[in-house]
Every structure is written in C-alpha cells, then in structure tokens.
Amino acid sequence: MIFKHLIELYNYRDLIWKLSWGEFKLRYKNSILGYFWSLLEPLLMLTVLYFVFSNLMRVQVEYYQLFLLMGIILWNFLSRSTNIGMFAIVGRPDMIKKIYFPRDIFVISSCITALLMSLFESVVFFIFMAVFRVPLSFNIVYAPLILIFLFFLALGIAMALSALNVYYRDVQFIWDVLMQAGFFATPILYTVDILPEAFRKIVFLNPMARIIVSARDTIIYSTPARSEDLLFMFASSVFFLILGYAIFSRLEPGFAEEI
Amino acid sequence: MAAIEVENLYKMFRIPHEKRNTVFESLAGALKPPQYETFQALNNINFEVDEGEALGIIGENGSGKSTLLKIMANILRPTKGSVKVNKRITPFLELGVGFQPNFTASENVRTYATIMGISKREIEYKLDDVLEFAGLEKFRDTKLKNFSSGMQVRLAFSTAIQTDPEILLMDEVLAVGDMEFQQKCLDVLNQYRNEGVTIIFVSHDLGAVRRFCDRTLLLHKGVQVALGDTGDVIDRYVYGGNETSTPEVSEVEQADTKEVEEPKNRWGDKQIEIVNVEFYDKFGNSGSRFNSFDPITIRIFYQAHKKVMDPVFGIALYSEKGENLFGTNTELKNLTIDSIEGSGHIDLEIDRLTILTGRFFLTVAIHSHDHKPYDWHDKLYSFDVMPTSRDAGIFEIPCNWKL
C-alpha cells in the first residue's frame, strides 16, 4: 500500500516541484527587496536576541551569534513548514474539490517550500561562519542527515495539522500556542547546561532539542553527533511521519465534502 | 476489459444542523449527539463503460450527475459500493484549476499542464502551440490577473487538450465560452472519440449528448432510471416514463400546463369555456417537454354551456420574451365548425415541431366568427423544447446547402 503510494508520489515529482517552487517564488514576488526579506528576517531576530541575551542576560557561550542563528534557522523551519503545511489543504478549496491527485502532495510541497526558504537563510549562517573564522570540520557530514530527520519530523506534523485543520479550524490557534511554548522549551536561546540534571532529561524528550543541539555540535563545534541522539531523532521522525500519515489518510476521504 | 466498473454505488451526504468547526465546539457538544439531515445523492448505481465507448450522463439538476463524476474522479468517495477505474483518468471537470493570477501566462501553462499530468519536456515542446491555439502568443509574459475571463478559459482549454487521456471525464465544459469556443470543444471531443478515448460526458445539452454518446445513463434524484441507447434514453428523459416522474415532479409539470386563475390573462363571455389544454408527445403521453423535430399534439378541452354556432378555435405561440412567433386558427386553416354543444375536445396536430430550443408560451382562444371572444386564455400554457440539432436560433427553416 505505502510502497504503491510512494511510486505514485514519485510519478508526481514534477508537480511537487512546481508547487513548491511556485509557492517559494510567490512569497517574494511582490516585495521590493524580494528574496532578501528572507535573509533580513532572521538577521533582525538575531540582532535583537543577541543584544538581549548577550548583554543584558550575560549568556557566556562560545560563538553565541552562530549558536543563536543555527537555533533560529532550524526552529523557523519547523514553524514555517507546519504553518504553511497546515493551510495546504484548506487554502486550496478549488484544487481539492475539482481535481484529484494524491493530496499529501500539497503538504509535501509546502514543506519543500519551507525547506527552500530555510536553505536560503542558511546562506547567511555560512557567511557568518566565514566572518567569525569558525573552522569547518569533517563532522559536517552529519548535518544533511539531521536535516533529513528534521524534514520528516516537520512533514509528519504538517500532515496531521493540515488534515485536522479541515475539520477543526481552531487547530491553528492551538498550534500557535504550542509553538510559542516550544520556542522557550527548546534550547534555542540557552544551553542545556544551565538546566538542572532532572530537567535536561525532559528537555531531551523533545526531538527538536536533540536536532538543534546535534546540529550545533557538528557544524559549529566540530564534534561528532552522538549515536544515541541520531537514533532518537530517527525514531521520532519515523514516529511522527507515520502518525501524521495515519491521521491524514484517515481524514482524507472527507476533504472535498468538508472543506 | 471494461474501462470503468461501477457497482452498487451509494453516496450519502450528511448535512449537520449546526456545523461544529472547532475543537472547542466538538468538546462542548461531545455529550449531545450531532444532529444532521441525510441526503441520498446516489442510490445503487450500476454500470460499466467499455474501452473506447462514449457514455452520456443526463438528468435534472440535483439528480446526482456531478456527484457521480466526482466519485469516478476520486474527488469524493462512495458511501457504499465501488468504482473501479482500470485506465488513466483525465478529468475536465473545471478548466483552469490552480491558475495563479500573479504568474505569467507561460508560467501558468506550465503549472496547469503539470497538474493535468503532462511531462515537463512535453510542456516546453508544446508551449508555443498552446499559446498559439489560445491566440495569446503576444501575452506570453503577461500576468494572468490582467487577462479577461475569456482569455483565461482559452488558455486553460488549450493547455488541457494537450493531455493524452485514456478516459476523459467532461462536466459541462461546453457550457462556458462563446459559440466559437464551444465549436472548438466539440471538435476536440470528436477527435478524442475517433482516437478511441473512453469518454464520460455529462451535459444538459441533449443535442450534444445525442451526437457524441453511444450509450446514455439517465439519473433521477440519485436513482438510475435508464441505461442504454442514447436516443431511447433521451426520449425517456424528455417524455418521462411513468416510473421516472415522481408525484412531486409531475405536479410541478402539471402546474405549468394547467390554467392559473388569473383574470387579467383570461377574458370572454364564457358561452364556451376552455376547460383544459394538454400537450401530447409522440407516444401519446401528456407532458410539457418535447424534443425538437418531434411530433406534438395540442388538445383543447372545451365546454359549451349552450349551442354555439360557428365558433373559431385558435392558438398563438410566444417566446419567453413575449414575441409572437406563430398563430393560427380553425378559420385560417379552412375548418368550419357548424356548431358545438356540451363538452368535447379539438386537436391541433403538429407533425414536426420546428422549434429548436427554449420555453414557449401558448395562448388558446375560442371566439366567434366576428372576433367576439368566448374564452381567451392569454399565454396561460407553456412547454419546453429540448434541442436535438446544433442549428442556432429559435426555429428551423427547412433548407439545404448547394455548391
């Protein structure tokens, strides 16, 4: 069943790419600074957070700018892919009601759009890395793997949200609140070291915490990813993907009627 | 092998009394079972479509045609039963789905073509053809939002026909656009047919169904009424077999034909009264809907309260706009009626109804030789004519082309 579906998705690869790229272009088409908004947004956020945490709260972390930027970019990816993905179905009533192709295509392409935006943002990150003369190490090979885990984690959540949003329109508000809380519950602004031992265990139950920490370790701090983390990330992305897909395919038959 | 097999298909829609749209509402209403009306859109539909066959689906509005088509296209799912599609299906349910007003014509053609399942290479190869066929070469890089709706439809259509379908679902596509566009649609449909594409064609245009479809399925309120040879099924639809018309419908139809007591539309000294007027189709059934070019009989039932000498019966036909199209009476047709008394009827037999299509109103009158009205029913009766040919206008003038 799933295998057949994957083949079907592969046959629609042109469409997936067209939708992703189209959405990406559309997001910047009417703004004066065009694609540069994409770079400006995380930079502004970085400036504010860096000022607050580095000067006022006196956080002492090596390469704190990069530390922050990495966390923001990865968190932004999750936040964007779920927020765009959540409207992938309800935002296209005429596509859903008047034509058929596998509907998870919409969600997948939303996540790819978010990925394109994040990859674009990460250009800034690598420029910063060069400016601060941070040495690149061989450990960066882990980065794509972590990114893949993050992508499928986000896709799984986006699938569930997009389907639930068709039936319950307040899912978006609930998700907003969860994301706000998640931003502070995840070690984006701080290191886990400042937390008491008992807290750390709980924080690391959050797959985003492991993703961000491992990405920093491998890219900025030249340390290899821990296999325990990799295993946990792999398991959680598979879990969320299966859960999301299950919810999506359970609710999918009613989309055209409910929307 | 059949291209499409539909077996015991049921589709029920639930229309909730109050729609619960949020998690909060659902939690708050968890104890109270949701109340809803059910609407049986399709009721035990069974048919097969052979490869290369053109099947028409006809029926009134709300008979379930579009629902059936959407289930075949996998947009809606059956409540019960199954639809097996053994070939690649290309739906032409609506043209231009997914058009982005902020993108240029060529970008939109690329996206739409991808949606319709045309490969990337093919699109690049055919892009110029598409724009040329739509007559929009000059606007290749114009944003779609600056296009008129007609231009958008042309663009969508010329893109859609680049597909290489195995099964084509057509829903009222022909209803949009001007005459020229409709002609283009029909040409393309014909071409597909000749190439052996299986076509499912839903339309109110009975003329088009008659020309294109080998077999036709007639739906009435979600029930499969007839399936078979197109000509027979269209007759069944237009003239309504006894089983097709539920009491409700026939009442409505009766109301059309029967007189309404409205004094301003009726005058005369009532020495003779028109009791009723009925239209009879070629099968001798009374009705108010006819195929063009079919025979029709208009029967006027009268009641003469005393013996009346030399009465004249007449009719006049009006278009919906009130133009007088035709009128005649017994005197003009040299039928002299010496006298009538009591009740009886008189028939006006029309061998061939040369009206093409539309709704028509009929005035029926009985008057004396010197034009003193006994009973005059002004435009109190109406009937509909269903098209069977593609000629334009209101009525046919018998003619031939010669070269």
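The values are calculated or read from the model by the stated rules, or taken from the named source; none is laboratory data. Remember, it's a predicted structure, so these values are computed and weren't measured experimentally. Cβ: placed from backbone, ideal geometry, glycine included. Neighbour counts: every protein chain shown. Side chains are part of the model used for accessible areas, which takes the heavy atoms of the whole protein and leaves out ligands, DNA and RNA. Shrake-Rupley method; radii C 1.70, N 1.55, O 1.52, S 1.80 Å.
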Net +/- balance of residues flanking B:Gly207 in space, Cβ distance below 12 Å, scoring K and R +1, D and E -1:
+1
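Of all beta bridges DSSP finds with both residues in the protein assembly as shown, what is the antiparallel percent, to the nearest 5?
Working: 67 of 88 bridges.
The antiparallel fraction comes to roughly 75 percent.
Expressed in whole Å with the largest first, what are the equivalent ellipsoid semi-axes of segment B:44-163 derived from the C-alpha gyration tensor as the square root of 5 times each eigenvalue? Walk me through the numbers on the way to the answer.
Numbers: eigenvalues 210, 51, 32 Å².
Each semi-axis is √(5λ); the values are 32, 16, 13 Å.
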Cα centroid distance between segment A:35-98 and segment A:208-259, in Å?
17 Å
Cβ charges +1 (Lys, Arg) and -1 (Asp, Glu), total dipole of segment B:266-386, debye:
220 debye
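Which trypsin sites (Lys or Arg not before Pro) from segment B:373-403 combine a DSSP loop assignment with at most 12 other Cβ atoms within 10 Å? Please report the intermediate quantities before stating the final value.
On the way: sites: B:Lys379, B:Arg390, B:Lys402; in loops: B:Arg390, B:Lys402.
Those satisfying the criteria are B:Lys402.
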Return the percentage of antiparallel bridges among DSSP beta bridges fully within segment B:2-240, rounded to the nearest 5 %.
55 percent
For the charge dipole of segment B:2-240, defined by +1 on Lys and Arg C-beta atoms and -1 on Asp and Glu C-beta atoms about the Cα centroid, which residue among B:Ser119, B:Tyr239, B:Leu9 has the Cα displaced farthest towards the positive pole?
B:Leu9
Taking Rh as the Kirkwood radius computed over C-alpha pairs, what is the Stokes-Einstein D of segment A:169-238 at 25 °C in a medium of viscosity 0.890 mPa s, expressed in µm² per second?
185 µm²/s
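Summing -39500 (n - 2.57) over the DSSP H runs of n ≥ 4 in chain A and dividing by its residue number, what mean residue ellipticity at 222 nm do you reach, to the nearest 500 deg cm²/dmol?
On the way: 12 runs with 189 residues, N = 259.
Taken over chain A, the calculation gives -24000 deg cm²/dmol.
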Using only the heavy atoms of the protein chains and a 1.4 Å probe, how would A:Met233, B:Met1 rank by accessible area, largest first?
B:Met1, A:Met233
Below 8 Å between Cα atoms, with a sequence gap of 6+, how large is the relative contact order for chain B in percent?
15 percent
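In chain A, which whole DSSP H runs stretch at least 15 Å along their own axis (Cα) and average -0.5 or higher on the Kyte-Doolittle scale? Provide the component values of the computation, followed by the final result.
Details: long enough: A:13-29 (23 Å, -0.78); A:36-50 (21 Å, 1.53); A:64-86 (32 Å, 0.94); A:104-131 (41 Å, 2.11); A:142-167 (39 Å, 2.10); A:171-185 (20 Å, 1.25); A:207-219 (18 Å, 0.58); A:227-251 (36 Å, 1.41).
Those that clear 15 Å and a mean of -0.5 are A:36-50, A:64-86, A:104-131, A:142-167, A:171-185, A:207-219, A:227-251.
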Under 15 Å from the Cβ of A:Arg80, count the other residues' Cβ atoms, weight Lys and Arg +1, Asp and Glu -1, and hand me the total.
-3
Just to confirm a number: summing +1 for Lys and Arg and -1 for Asp and Glu over residues other than B:Val49 whose beta-carbon lies under 11 angstrom from that of B:Val49, what do you get?
-3
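Based on DSSP H runs of at least 4 residues, each adding -39500 (n - 2.57), what is the mean residue ellipticity at 222 nm of chain B after dividing by all its residues, to the nearest 500 deg cm²/dmol?
-7000 deg cm²/dmol
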For segment B:278-379, which GluC sites (Glu not before Pro) pass both filters: DSSP loop (anything but H, G, I, E, B) and at most 14 other C-beta atoms within 10 Å?
B:Glu320, B:Glu323
Quick one: dipole size for segment B:346-403, taken about the Cα centre, charges +1 on Lys/Arg Cβ and -1 on Asp/Glu Cβ, in debye to the nearest 20.
300 debye
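Which whole number gives the average, over all residues in A:92-102, of C-beta atoms from other chains lying within 10 Å of the residue C-beta? Could the numbers behind the result be given before it?
On the way: counts 2, 0, 5, 3, 2, 6, 11, 12, 9, 4, 1.
Whole-number average of other-chain Cβ neighbours for A:92-102 is 5.
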Sequence of A:Leu19, A:Leu56 when ordered by accessible area, the most exposed leading, probe 1.4 angstrom:
A:Leu56, A:Leu19
Given a 1.4 Å probe and the protein chains all in place, what does the accessible area of A:Ile127 round to, in Å² to the nearest 10?
100 Å²
Against the rule of thumb 2.2 N^0.38 Å, how large the Cα Rg of segment B:266-386 comes out
1.04
Using the Cα centre of the protein assembly as shown as origin and beta-carbon charges of +1 (Lys, Arg) and -1 (Asp, Glu), tell me which of B:Ile340, A:Asn165, A:Phe24 is placed farthest towards the positive end of the dipole.
A:Phe24
Hey, can you grab everything whose amide H is under 5 Å from the amide H of B:Phe326? Only 5+ residues off in sequence or another chain; H modelled, so Pro and N-termini drop out.
B:Leu317
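Pull up the DSSP beta bridges for chain B and report the antiparallel fraction as a percent, rounded to 5.
So the antiparallel bridges amount to about 75 percent of the total.
Plugging the Kirkwood radius over Cα pairs into Stokes-Einstein for the protein assembly as shown, at a temperature of 4 °C and a viscosity of 1.567 mPa s, what D comes out in µm²/s?
Working: Rh = 30.4 Å.
So the translational diffusion coefficient is about 43 µm²/s.
Pairs to check: B:Lys270/B:Lys321; B:Lys120/B:Lys143; A:Lys25/B:Lys120. Give those whose C-alpha atoms are more than 25 Å from each other in this structure. Numbers along the way, then the final one.
Values: B:Lys270/B:Lys321 29 Å; B:Lys120/B:Lys143 21 Å; A:Lys25/B:Lys120 19 Å.
Exceeds cut-off: B:Lys270/B:Lys321.
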In peptide A:170-177, what is the residue-averaged number of other protein chain Cβ atoms found within 10 Å of each Cβ?
2
Taking Cα atoms, how many degrees apart are the long axis of helix B:179-194 and the longest axis of chain B, rounded to 10 and kept between 0 and 90?
70 degrees
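Loop only by DSSP, 15 or fewer other Cβ within 10 Å of the Cβ. Give me the chymotrypsin sites (Phe, Trp or Tyr not before Pro) in segment A:152-259 that pass, ordered by residue number.
Working: sites: A:Phe152, A:Tyr167, A:Tyr168, A:Phe173, A:Trp175, A:Phe183, A:Phe184, A:Tyr190, A:Phe199, A:Phe204, A:Tyr221, A:Phe232, A:Phe234, A:Phe239, A:Phe240, A:Tyr245, A:Phe248, A:Phe255; in loops: A:Tyr168, A:Tyr190, A:Phe204, A:Tyr221.
The qualifying sites are A:Tyr221.
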Computed magnitude of the charge dipole of the protein assembly as shown (debye, nearest 20; Cβ of K, R +1, Cβ of D, E -1)
2960 debye
How many times 2.2 N^0.38 Å is the alpha carbon radius of gyration of chain B?
1.25
